[in-house]
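Down below is the structure, laid out as structure tokens.
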Amino acid sequence: HYGRGRGWPGARAGGWTQRGRGHMPQLLSRTHLDNRPKTIEVKGFDLPELEEIKQHFQRFGEIDKVDVVEEVPSIFLTYASRPSAEV
């Protein structure tokens, strides 16, 4: 049985406890992989402005991939990191 204030069997300080719902051991929190999108779409410009658009968005971080859809026109920019895409 697990009494009030007692941790799970084998729990260490800073590890899993009965009362610490949502607490992640430090080992797991360091290995978290962020799979949220890093791609933004920009549209509403003329094709001659394409290079100027790319240069503008490079100021916010490293861009890994650029996809252009000339029919719309629009551009999809994939940043190297999520924080850069959020800026």
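The values are calculated or read from the model by the stated rules, or taken from the named source; none is laboratory data. The model shown is predicted, which means the values in this text are computed figures rather than measured ones. Virtual Cβ from ideal backbone geometry, glycine too; neighbours counted across all protein chains shown. Calculation scope for accessible area: heavy atoms of the full protein, side chains included, ligands and nucleic acids excluded. Shrake-Rupley method; radii C 1.70, N 1.55, O 1.52, S 1.80 Å.
Every residue in the range 32-65 that is β-branched (Val, Ile, Thr) and in contact with a Leu (Cβ under 6 Å, 6 or more places away or on another chain), please. Write out each step before concluding.
Filtering the range 32-65 for residues β-branched (Val, Ile, Thr) gives 39-40, 42, 53, 63.
If the condition is that a residue be β-branched (Val, Ile, Thr) and in contact with a Leu (Cβ under 6 Å, 6 or more places away or on another chain), then Ile40, Ile63 are the ones that fit.
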task = For residues that are within 16 Å of Lys43 (Cβ to Cβ) and surrounded by fewer than 15 Cβ atoms within 10 Å (Cβ to Cβ), tally how many sit in the range 56-67.
result = 3
task = Only residues that are open to solvent by less than 70 Å² (accessible area, probe 1.4 Å) and either of a type in the set (A, V, I, L, M, F, W, C) or more than 26 Å from the chain's Cα centre (by Cα) (or both): list them for the range 34-46, please.
result = Ile40, Val42, Phe45
query = Among the residues of the range 24-62, which ones are β-branched (Val, Ile, Thr) and modelled with pLDDT of 85 or more?
reply = Thr39, Ile40, Val42, Ile53
ask   = So how many residues does the range 63-87 have that are charged (D, E, K, R) and under 17 Å from Asp34 (Cα atoms)?
value = 3
